[in-house]
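The values are calculated or read from the model by the stated rules, or taken from the named source; none is laboratory data. Since we're looking at a predicted model, the values are computed, not measured. A quick note on method: Cβ atoms are made from the backbone with ideal geometry, for glycine too, and the neighbour counts reach across all protein chains shown.
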Amino acid sequence: MATRCLILLRHAKSDWDSGAASDFERPLSARGRRDAPRMGRWLQFNGLRPDTVCCSSATRTRETLRLAGSELDLSVAEIQFVGDLYLANESEIVAIAEEELRHAQCVMLVGHNPGFEMALLHYCPDVDTPADGKLMPTATAAVIDDPAPGAGRLRFLQRPKDL
């Protein structure tokens with residue numbers, strides 16, 4: 001059987017000074033609009049094309065997906081906007097991932113911290129935290145092969161600043 005793959009893509013940098021009416025409506029900053037397509041190109045270059053994408057319905061995650069997706073061929077992917085991913089905790093993220101992985105070989109979730117960091121550690125508890133203490137800063141992609149609790153294999157933990 002082929003390797004299953006879970007991609008956790010944290011939303012790109014948001015604009016705290018945008019004047020958005022709520023956290024949910026906060027858009028991407030200029031840096032976020034630059035980093036999201038870079039991550040899409042990186043995913044495409046590495047052959048990481050999801051069958052299914054579940055994206056938080058918040059503005060910044062939708063924008064991240066739109067910009068990353070413009071560089072990543074998502075033409076055959078099923079895309080769902082999932083309200084439950086907005087600020088979801090570890091168990092909610094894992095439940096969504098596990099449900100989607102029952103039907104797809106490669107699933108990408110686009111969402112938020114701290115839940116994404118906790119979900120990454122759920123699958124890959126031995127991940128080393130970088131020197132700056134930030135496991136998944138904005139626009140970071142974690143690619144986990146054979147995601148199973150405590151036994152997933154982290155293939156990539158890619159930050160846009162390292163591209």
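Every listed requirement among (1) surrounded by 18 or more Cβ atoms within 10 Å (Cβ to Cβ); (2) closer than 21 Å to Pro160 by Cβ is met by Glu100 save one, (2).
Set side by side, the residues Val110, Val127 differ, and just one is surrounded by 15 or more Cβ atoms within 10 Å (Cβ to Cβ), of a type in the set (Val, Ile, Thr) and part of a loop (DSSP other than H, G, I, E, B), which is Val127. For the stretch 14-41: of the residues being crowded, with 21+ Cβ neighbours inside 10 Å and touching a residue at least 40 places away in the same chain (Cβ under 8 Å), which is farthest from Leu154 (Cα to Cα)? Here the residue is Ser14. A single entry from Ser57, Ser91, Ser70 fulfils the requirement of being surrounded by 14 or more Cβ atoms within 10 Å (Cβ to Cβ) and of a type in the set (S, T, N, Q): Ser57. Among the residues of the stretch 9-56, those that are over 21 Å from Lys161 (Cβ atoms), assigned to a strand (DSSP E or B) and among the hydroxyl-bearing types (Ser, Thr, Tyr) comprise Thr52, Ser56. Listed conditions (1) in a loop (DSSP other than H, G, I, E, B); (2) of a type outside the set (Asp, Glu); (3) modelled with pLDDT of 95 or more; (4) closer than 23 Å to Asp162 by Cα are all met by Ala88, apart from (4).
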